[in-house]
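Chemist: Sharing a structure with you now.
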Amino acid sequence: MTIRKATYNDVPRILEVCEQAKAIMRSDGNLHQWTGGYPSEEVIRKDIADDCAYVVDEFTNIVGYFAFIPGIEKTYLRIVGGQWLDDTLPYATIHRLASTVDSHNVADTCFSYCWGCIQNLRIDTHRDNRIMRHCIEKFGFRYCGIIYLESGDERLAFQKI
């Protein structure tokens, strides 16, 4: 698998990948994450415009998508029930990680790529996203507490340094 920056031409396939990721979540009992059309085409296009959109290719077929965003994530400024492993060093955040139904190791490929860029990563996920929680913990992220999205929804927050 290879990782490259996403382009506007990739948007239709990225949206397909996100729909497949939603199907994976739903089949595993995660019914409340990525609802209401999220992530939308507008969100993906904004990721591309902000130069933080990436695709995971396998044999020239896009099998994964993620946003890799350096700098302060404003929803991470307040964490409850714990604390960040470090709250002073620069970090990057991984958002909107999605993969196709038939792909394998997309999360690990994403995490390895991001870790190669900066050794201070943060990520969050829905409490019911058991698959993502497993992938996050398997890669060595540590649970830090709960953050709240702008919508007020809670997410479990993790960090790896």
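The values are calculated or read from the model by the stated rules, or taken from the named source; none is laboratory data. Source: prediction; values computed, not measured. Quick reminder, even Gly has a Cβ in these numbers, built from the backbone with ideal geometry, and neighbours come from all protein chains shown. Remember, those area values only see protein heavy atoms, side chains included, never the ligands or the DNA or RNA. Shrake-Rupley method; radii C 1.70, N 1.55, O 1.52, S 1.80 Å.
Chemist: For region 67-94, what are the residues that are in contact (Cβ under 8 Å) with a residue 40 or more places away in the chain and within 20 Å of R4 (Cα to Cα)?
Modeler: F68, P70
Chemist: Hey, another quick one. So if I check each of R13, R26, which one is among the basic types (K, R), open to solvent by less than 70 Å² (accessible area, probe 1.4 Å), more than 21 Å from C117 (Cβ to Cβ) and at pLDDT 95 or above? Talk me through it step by step, then tell me what you get.
Modeler: Values: R26 fails: open to solvent by less than 70 Å² (accessible area, probe 1.4 Å).
One residue alone meets the criteria, R13.
Chemist: Could you list all residues from region 52-62 that are over 15 Å from the mean Cα position of the chain (by Cα) and either under 16 Å from Q20 (Cβ atoms) or not β-branched (V, I, T) (or both)? Break it down stepwise before answering.
Modeler: First, pick out the residues of region 52-62 that are over 15 Å from the mean Cα position of the chain (by Cα): 57-62.
Once the filter is applied, which keeps residues that are over 15 Å from the mean Cα position of the chain (by Cα) and either under 16 Å from Q20 (Cβ atoms) or not β-branched (V, I, T) (or both), region 52-62 yields D57, E58, F59, N61, I62.
Chemist: Name the pairs whose Cβ atoms lie under 9 Å apart, with the first residue in region 22-38 and at positive phi, the second of a type outside the set (G, A, S) and open to solvent by 30 Å² or more (accessible area, probe 1.4 Å), and 6 or more positions between them or separate chains?
Modeler: Sorted first by the residue in region 22-38, then by its partner, the pairs are G29/D128; G29/R130; W34/R96.
Chemist: Please state which of the following conditions V43 fails to meet, knowing it meets all the rest: (1) surrounded by 11 or more Cβ atoms within 10 Å (Cβ to Cβ); (2) under 24 Å from S112 (Cβ atoms).
Modeler: (2)
Chemist: Could you figure out which of (1) within 15 Å of the chain's Cα centre (by Cα); (2) open to solvent by less than 90 Å² (accessible area, probe 1.4 Å) isn't true of E19?
Modeler: Every listed condition holds for E19 apart from (2).
Chemist: Suppose we keep only residues that are over 12 Å from K160 (Cα atoms) and of a type in the set (S, T, N, Q) within region 79-97. Which one would you say is surrounded by the fewest Cβ atoms within 10 Å (Cβ to Cβ)?
Modeler: Ranking the candidates gives T88 first.
Chemist: Another question, if that's okay. Quick one: would you say Y65 is open to solvent by 20 Å² or more (accessible area, probe 1.4 Å) and within 14 Å of E19 (Cα to Cα)?
Modeler: Details: open to solvent by 20 Å² or more (accessible area, probe 1.4 Å): no; within 14 Å of E19 (Cα to Cα): yes.
It is false that Y65 is open to solvent by 20 Å² or more (accessible area, probe 1.4 Å) and within 14 Å of E19 (Cα to Cα).
Chemist: How many residues does region 116-154 hold that are open to solvent by less than 20 Å² (accessible area, probe 1.4 Å), in contact (Cβ under 8 Å) with a residue 60 or more places away in the chain and either in contact with a Ser or Thr (Cβ under 7 Å, 6 or more places away or on another chain) or of a type outside the set (S, T, N, Q) (or both)?
Modeler: The total comes to 3.
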